[in-house]
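The values are calculated or read from the model by the stated rules, or taken from the named source; none is laboratory data. Worth saying up front: this structure is predicted, and the values here are computed from it rather than measured. With ideal geometry, Cβ positions are generated from the backbone for all residues, glycine too; neighbour counts draw on all protein chains shown.
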Amino acid sequence: MLIQNGNIKSAVFWQTVTSMPNELTTRVSTVRHGFINVNKSAGSKIDSDKLYNSFVDAILYFPRVVQVAFLSPFPSHWIETGKETGRIGRMLSGLEMLSWYFIILGFLYIVFTKPLVIEPLLPIITLSVFVIILLGYVVPNIGAIYRMRQGFMIPFYMVGVYGIYSFIELINKKT
């Protein structure tokens with residue numbers, strides 16, 4: 001409704017309405033772009049050319065996000081010389097990642113053999129998964145993801161170590 005000189009007139013104003021998923025995608029892409037601009041000289045960039053133009057783009061990129069968020073730095077990075085950490089730093093991160101891969105196996109072992117064990121931790125694990133995946137979407141730098149996700153990996157370490165222990169115990173019972 002429009003009031004002009006005391007007279008009420010009807011007026012129609014068209015507005016573009018963006019869907020909530022696309023709005024979220026735009027915000028995530030904007031933060032990612034800002035991170036790329038601020039860290040142009042970073043040595044461990046990954047997929048820095050990837051921005052999300054739509055929610056569908058973000059969904060299609062999801063498998064790569066999970067891979068980068070949970071499994072990086074990858075073995076090919078372990079033997080390179082890092083810009084900040086040098087070769088020793090990269091090799092140490094490689095050893096840590098090797099242990100992380102075993103921890104994930106232990107975690108999955110518990111998920112499939114004793115799912116009730118993780119039930120009390122489910123809210124914490126869900127939050128951790130959400131934050132780690134969000135880091136994968138927003139942060140295009142392996143070193144930053146590696147450092148930022150550490151606190152959120154603790155529930156996985158707890159359950160994963162128990163899983164490795166349980167698996168070793170199972171093997172010892174059979175022999």
* May I ask you to list pairs of residues, at least six apart or on different chains, whose Cβ atoms are under 8 Å apart, with the first in the stretch 153-169 being in contact (Cβ under 8 Å) with a residue 24 or more places away in the chain and within 17 Å of Leu116 (Cβ to Cβ) and the second being of a type in the set (Phe, Trp, Tyr) and surrounded by fewer than 18 Cβ atoms within 10 Å (Cβ to Cβ)? => Gly160/Phe102
* In the stretch 106-138, the residues that are hydroxyl-bearing (Ser, Thr, Tyr) and exposed (fewer than 14 other Cβ atoms within 10 Å of the Cβ) -> Thr113, Thr126
* **Filter result (in contact with a helix residue (DSSP H, G or I) (Cβ under 6 Å, 6 or more places away or on another chain), of a type in the set (A, V, I, L, M, F, W, C) and assigned to a helix (DSSP H, G or I)) within the stretch 131-160** => Val131, Ile132, Ile133, Leu135, Val138, Ile145, Met148, Phe152, Phe156, Val159
* Kindly list the number of the only condition in (1) exposed (fewer than 13 other Cβ atoms within 10 Å of the Cβ); (2) modelled with pLDDT of 75 or more; (3) part of a loop (DSSP other than H, G, I, E, B) that fails for Tyr52. => (1)
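Condition check ((1) over 15 Å from the mean Cα position of the chain (by Cα); (2) of a type outside the set (A, V, I, L, M, F, W, C); (3) modelled with pLDDT under 75) across all residues:
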residue	(1), (2), (3)
Pro21	yes, yes, yes
His33	yes, yes, yes
Asp57	yes, yes, no
Leu71	no, no, no
Ile79	yes, no, yes
Leu105	yes, no, no
Val117	yes, no, no
